[in-house]
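The values are calculated or read from the model by the stated rules, or taken from the named source; none is laboratory data. In this text the structure is predicted, and so the values were computed from the model without any measurement. Heads up, the Cβs are rebuilt from the backbone with ideal geometry, glycines too, and the neighbour counts pull from every protein chain shown.
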């Protein structure tokens, strides 16, 4: 009976460690979408928290040098300088005017240091939310 108790304790310890690793992994990878204005309002918390910030890539702002890509995100007339030093290549849709999501942390130098970039060409796939119009109501045929 003592042998089964040790085995049960070992199983409980392994399950507990796995649950702890899973929950800490989820918390570490959990990021919230922020606008450029919200990142600016975060104050000192922006330096400690990992966030995702979105905007349009400003035309002519993409500069590649020494394993780093620098560009500017624009949203509602606000600008945010971004430095990407991630290992993954940039998406094919990452170009001037594309909508982009930068995942990383705000640096004390005022530059957002991104470790991941996601991009899409808004004109290619769909209209921006501000450009959407209400669809006209369809007539209803009552044939009864």
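When residue 93 is tested against the conditions (1) at pLDDT 85 or above; (2) closer than 26 Å to residue 41 by Cα; (3) touching a helix residue (DSSP H, G or I) at 6+ places or on another chain (Cβ under 8 Å), the lone failure is (2).
If you go through segment 76-103 and keep only what is surrounded by fewer than 17 Cβ atoms within 10 Å (Cβ to Cβ) and assigned to a strand (DSSP E or B), you end up with 78, 79, 81. Assess whether residue 39 counts as being in contact with a strand residue (DSSP E or B) (Cβ under 7 Å, 6 or more places away or on another chain), in a strand (DSSP E or B) and assigned by TED's automatic domain parsing to the domain that holds residue 109. Spelling it out, it is not the case that residue 39 is in contact with a strand residue (DSSP E or B) (Cβ under 7 Å, 6 or more places away or on another chain), in a strand (DSSP E or B) and assigned by TED's automatic domain parsing to the domain that holds residue 109.
Scanning segment 70-87 for residues that are touching a strand residue (DSSP E or B) at 6+ places or on another chain (Cβ under 7 Å) and more than 18 Å from residue 59 (Cβ to Cβ), which turns out modelled with the lowest pLDDT?
86
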